[in-house]
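Here, each number is a calculation from the coordinates, and none is a lab measurement. Here the structure is a predicted model, which is why all the values come from computation and not from measurement. A quick note on method: Cβ atoms are made from the backbone with ideal geometry, for glycine too, and the neighbour counts reach across all protein chains shown.
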Amino acid sequence: MLDDPNLVEGHTDIDFEVQDGELVIVDESDSLMYSNPEKFRDFVAKCACVCFTATPDDQELNGMDAKVLAAM
């Protein structure tokens, strides 16, 4: 699959359309989450996503990332 460069796209924001069956992988998703929580929530609700964030700010599971996600 990765041998075809047309199957992988790079983006620096979430202002793009996702087709059925596509997987979105987001690195540093916390920066997108914090900049516009509602837009981030709506984007991840409509497609298959794997989102990576940094370690929670207090090194525990109740860090800011977990609080924002729970509020969504």
For Cα pairs less than 8 Å apart in space and 6+ apart in sequence, what is the mean separation divided by the residue count of segment 1-56, i.e. the relative contact order in percent? 40
Fully extended, how many nm does the chain gain between Ile25 and Glu38 (0.36 nm per residue separation, minus their Cα-Cα distance)? 2.8 nm
Applying a 10 Å radius around every beta-carbon, put 23-36, 5-18 in order of their mean neighbour count, most first. 23-36, 5-18
